[in-house]
Amino acid sequence: MSLASLDQLWVYLSGNPLVSLLATLIAFYLATHVNRLLGRSPFAHPVLVAIALLIAFLLFTGIDYATYFEGAQFIHFLLGPATVALAIPLFDHRERVRRLLLPLLIACLSGIITAVSSTLGLALLLGAQKPVLLSLAPRSVTSPIAMGIAEQIGGIPSLAAALVLLTGSVGCALGPWILRLLRIEDPSVKGFTMGLAAHGFGTAHCFASMGAMAGAFAGLAMGLTGMLTAFILPLIVQLFGL
Amino acid sequence: MPLIMGMSVLLGCQFIGELLVRALSVPVPGPVMGMVVLLIGLMIRGRVPDALRLAGEGLLRYLTLLFVPAGVGIMVHFGLIGADIWVLLVTLVVSTALTIAVTAKVLDSLARRRSGGEEA
């Protein structure tokens with residue numbers, strides 16, 4: 001086969017969903033192994049390693065993000081039914097949720113207010129540009145909700161989504177360590193905290209390393225935080241005079 | 001067939017969720033509303049059908065993988081992020097740590113008071 005026809009084959013394949021799908025799965029598989037080799041360090045979280053590997057792959061092959069996403073959207077789409085499926089672990093632990101309903105609501109409100117005001121306060125103090133600031137505000141909310149909120153208050157939706165992911169990885173890296181420092185042992189408290197501060201990343205992290213009870217509460221926190229933030233955040237942004 | 005049944009229930013709930021969000025024009029994503037719909041359905045039914053559990057728990061086991069495609073999108077914003085990288089890093093780390101500490105402390109003390117009252 002000549003070099004020219006190889007080139008044509010690549011042009012054909014790189015625009016095909018097959019390449020992005022295969023690359024995503026292989027990157028994730030490699031990332032899980034890298035994570036295990038590094039002793040499951042949260043700084044080498046499989047999602048972060050997989051994202052880094054894929055960005056390197058795309059930059060190296062010259063495939064742009066839009067082309068990649070055309071294929072990878074089939075994986076991305078499953079986030080929808082997976083979010084719906086969070087109702088199952090919630091239902092399994094319904095008794096505990098019912099018993100803790102009021103504490104959960106109070107904790108959720110204090111968490112959201114802490115997250116939004118410390119984010120806006122620090123970023124203002126350090127002098128972030130306004131579009132970055134407004135995209136940063138909804139950072140602890142799951143990405144589809146965060147994108148909607150960012151748009152509503154004048155941020156950049158896709159930048160907001162990127163910052164949400166960064167928050168998720170920071171939360172997964174810091175969370176277990178802070179929880180140990182505060183001597184928190186109750187899996188429902190751990191899960192709820194991780195879901196509130198680190199949305200889907202925190203939830204996935206809980207399912208993977210803290211058990212189904214923590215996962216269920218993380219999912220609950222993620223949903224609750226998303227809904228409440230959508231209502232509270234525009235008010236806090238006004239309070240900061242933005 | 002159970003996997004197909006389970007997947008249909010999940011997608012069906014998501015569909016109803018999307019319809020409700022649009023009909024009521026609430027600022028919540030369709031899948032989150034779909035989760036509420038499924039939860040109400042399970043409460044009425046009283047148990048989780050095996051087919052649904054198979055599909056749902058299968059998806060939740062690989063939840064981390066599902067975030068990867070959106071995460072790669074960060075490469076589009078390297079410019080904006082690069083210009084404010086230190087501001088972003090400090091804000092993200094400090095504010096996330098604060099959020100985790102406050103939430104965990106509040107919930108832990110409230111939950112302990114409540115369960116302590118019941119068990120004592």
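In table form, for the structure just shown:
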item: Residue exposure sequence - B:HIS77, A:HIS199, A:HIS45, A:HIS33 - by fewest surrounding Cβ within 10 Å; result: A:HIS33, B:HIS77, A:HIS45, A:HIS199
item: Spin-label pair A:VAL11/A:LEU235, simplified geometry with 7 Å Cα→Cβ offset, distance in nm; result: 5.8 nm
item: Distance between modelled label sites at A:TRP177 and A:ALA56, nm, 7 Å Cα→Cβ extension; result: 2.3 nm
item: Filtered trypsin sites (Lys or Arg not before Pro), the range B:1-86: DSSP coil and at most 10 other beta carbons within 10 Å; result: B:ARG47
item: Pairwise centroid distance, computed over Cα atoms, of the range A:76-114 with the range A:140-197, Å; result: 14 Å
item: Computed lengthening from B:ARG113 to B:LEU54, 0.36 nm per intervening residue step minus Cα-Cα distance; result: 17.6 nm
item: Helix runs (DSSP H) in chain B reaching 18 Å along axis by Cα, Kyte-Doolittle at least -1.0; result: B:2-24, B:30-45, B:85-119
item: Cα centre as origin, Lys/Arg/Asp/Glu Cβ charges: the range B:1-66 dipole, Debye; result: 100 debye
item: FRET E, pair B:ILE44, B:LEU20, Förster distance 22 Å, beta-carbon r, rounded to 0.05; result: 0.85
item: Span from the the range A:204-242 Cα centroid across to the the range B:42-119 one, whole angstrom; result: 7 Å
item: Residues A:PHE91, A:PHE217, A:PHE69, A:PHE192, sorted so that the one with the fewest Cβ neighbours within 10 Å comes first; result: A:PHE69, A:PHE91, A:PHE217, A:PHE192
item: Likely footprinting exposure, A:TYR68, A:TYR29, fewest C-beta neighbours within 10 Å first; result: A:TYR29, A:TYR68
item: Candidates per trypsin sites (Lys or Arg not before Pro) in the range A:90-157, loop by DSSP, up to 15 other Cβ within 10 Å; result: none
item: Mean ellipticity per residue at 222 nm, deg cm²/dmol - from DSSP H runs of n ≥ 4 across chain A, formula -39500 (n - 2.57); result: -27500 deg cm²/dmol
item: Assigned charges on the beta-carbon of Lys, Arg, Asp, Glu; the range B:29-120 dipole about Cα centre (debye); result: 260 debye
item: Paramagnetic label zone (point 7 Å from Cα along Cα-to-C-beta, B:LEU3; backbone N under 19 Å) in the range A:13-47; result: A:21-22, A:25-26, A:29
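Any read-out appearing in this document is the output of simple, stated calculations on the displayed coordinates, not a laboratory observation. Please read all numbers here as calculations on a predicted model, not as lab measurements. Using ideal geometry, Cβ is built from the backbone for each residue, glycine included, and neighbour counts are taken over all protein chains shown.
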